[in-house]
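Contents: one structure, followed by commentary.
The values are calculated or read from the model by the stated rules, or taken from the named source; none is laboratory data. This one's a predicted model, so the numbers in the text were calculated from it and none came from an experiment. Cβ placement follows ideal geometry from the backbone for every residue including glycine, while neighbour counts extend to all protein chains displayed. Ligands, DNA and RNA are stripped out before the accessible areas are found, and what is left, the full protein with its side chains, is counted by its heavy atoms. Shrake-Rupley method; radii C 1.70, N 1.55, O 1.52, S 1.80 Å.
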Amino acid sequence: MTFDQLISLPDLKLAQAQLSLPASWGQGRTVFGGLSAALMLQSMLNQLGDQSRRLLSFSCNFVGPLLSETPFELSTQLLRAGKNATQMQTTITQNDQVCLVALSCFGKPRSSAIKVSAKDESTLTEVNHKQTLPYIEGVMPAFIQHIDLNLQQGAMPFSDASSSHIGGWMKFKEPAQPHLSVLHLLALADAWPPTLLQLCKGPTPASSMSWYVEFLDDIELAGTEWFAMEAVTHQAEHGYAIEDAKLFSQDGKLLALSRQTVAVFDS
């Protein structure tokens, strides 16, 4: 199934949904985290009601592994709907264990004299299709077969590189229908390997523990466009790392800011 087919599953319209995801969207023993997060966000959007409120922020904790081809329950709760903002929570449980917990904040436009424009600019050059990584079954996570990653900055995982930053272009192989949205950007933002894996000399397990994304605007772009991602490692020590990323549209507009806490098991 494609990404668009999965986020369009009828059960996601329910506040309490029973789902199972195919192994082709796996990431080791777990489901690809970007897909899990997007399903949670889609559930929230379906329960939001007021479509004038756009996504401001999304926060997710990866509590435990979410296994593919195994039923799980997705539960969305409205925490508060105020005059201008709505707060929601979604939890995924599997085999009576909490796997993921997400919080989102939605807000409607308000009249304000304050305006500070984002000055960040992408440093990537135009997409060079020769740099798009081929999917290698058994070497790369299964979900990569659905995604094009075009590496421009940094290095491949486990290459004993000297730099801990990474940057490149990303898109789904299947064009988005009817258009790209915050759901697509959220999922793709998690498609890149943790920045610090390129520092490792050989295969090393790593896992995202918490993830926070702030969206600067609503997103409605042509389904074939690429997103750009530039990430840096702020600090890594004692098996944990903090990495920040900036996410841009293909025409260079800053769309979102991301921060993750990652655990690496390199001992």
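Among the listed pairs LYS115/LYS253; LYS83/LYS246; LYS13/LYS108, give every one whose C-alpha distance is greater than 26 Å.
Details: LYS115/LYS253 16 Å; LYS83/LYS246 30 Å; LYS13/LYS108 22 Å.
Result: LYS83/LYS246 exceed 26 Å.
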First compute the accessible area of the chain with a 1.4 Å probe, then give the percent of it belonging to carbon and sulfur atoms. 51 percent
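Keeping all protein chains in place, calculate the accessible area per residue for region 1-125 (probe 1.4 angstrom), answer in Å². Don't skip to the end; give the middle numbers.
Details: 6580 Å² over 125 residues.
Value for region 1-125: 53 Å² per residue.
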Region 83-157: Rg to Rh, with Rh as the Kirkwood radius over Cα pairs: 1.13
Förster radius 51 Å - calculated FRET efficiency between LYS130 and GLN89, Cβ distance, rounded to 0.05: 0.70
Extent along principal axes [Cα atoms of the chain; Å; largest to smallest]: 51, 49, 37
Using Stokes-Einstein with the Kirkwood hydrodynamic radius over Cα pairs, what translational diffusion coefficient do you get for region 20-125 at 10 °C and a viscosity of 1.306 mPa s, in µm²/s rounded to a whole number? 102 µm²/s
For the chain, what relative contact order do you get, as a whole percent, if you take Cα pairs closer than 8 Å and at least 6 residues apart? 18 percent
Under a plain spin-label model, where a point goes 7 Å from the Cα along Cα-to-Cβ, how far apart in nm are MET209 and ARG80? 2.8 nm
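Nearest 20 debye, what's the magnitude of the dipole of the chain about its Cα centre given +1 on Lys and Arg Cβ and -1 on Asp and Glu Cβ? Kindly include the intermediate steps, with their values, before the conclusion.
Details: 17 positive and 25 negative charges, 141 e Å.
For this selection, approximately 680 debye.
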Under a 1.4 Å probe, what is the accessible area of region 138-267 per residue, stated in Å²? 44 Å²
For HIS129 the rounded accessible area (nearest 10 Å², probe 1.4 Å, non-protein molecules ignored) is 130 Å²
